[in-house]
Amino acid sequence: MDKTVAASGYLVGDGLTLADIFVLPILHHLRRMPESSQMLTPATPLGRYLETHAARPSYIRTVPPPGPPRRAAPAG
């Protein structure tokens, strides 16, 4: 993936596609894991790719809160 995004900043072609939209949330979560965070530092093409797209307003509006989702209170 480093080689792919290094060329154009996108996974496919020269613009944002569904491929990017599908992989960015996965990279977001991988960056938070110690086992994979090193491959997503800004020093790597994949890390720069994530940082660039994480600055998009649409990405910012849809970032999930940290931690597990809250459960709804039981009805009744």
- Which is among the aliphatic types (A, V, I, L, M), over 19 Å from residue 2 (Cβ atoms) and under 9 Å from the mean Cα position of the chain (by Cα), of 26, 21? 21
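Could you grab me the full set of residues in the range 32-76 that are of a type in the set (Val, Ile, Thr) and in contact with a Gly (Cβ under 9 Å, 6 or more places away or on another chain)?
Residues of the range 32-76 of a type in the set (Val, Ile, Thr): 41, 44, 52, 60, 62-63.
Across the range 32-76, the qualifying residues are 41, 52.
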- Note on the structure: A careful count of residues in the range 54-76 that are of a type outside the set (Phe, Trp, Tyr) and assigned to a helix (DSSP H, G or I) gives 6
- Here the qualifying pairs (Cβ atoms under 6 Å; residues six or more apart or on different chains; first in the range 32-53 and in a loop (DSSP other than H, G, I, E, B); second of a type in the set (A, V, I, L, M) and surrounded by 13 or more Cβ atoms within 10 Å (Cβ to Cβ)) come out as 36/30
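Specify which of the listed residues (10, 49, 59) is modelled with pLDDT under 95 and surrounded by 13 or more Cβ atoms within 10 Å (Cβ to Cβ). Lay out the reasoning, then the answer.
Working: 10 fails: modelled with pLDDT under 95; 49 fails: modelled with pLDDT under 95.
Matching residue, one of 10, 49, 59: 59.
The values are calculated or read from the model by the stated rules, or taken from the named source; none is laboratory data. The structure presented is a predicted model; accordingly, all values stated were derived computationally and were not measured. With ideal geometry, Cβ positions are generated from the backbone for all residues, glycine too; neighbour counts draw on all protein chains shown.
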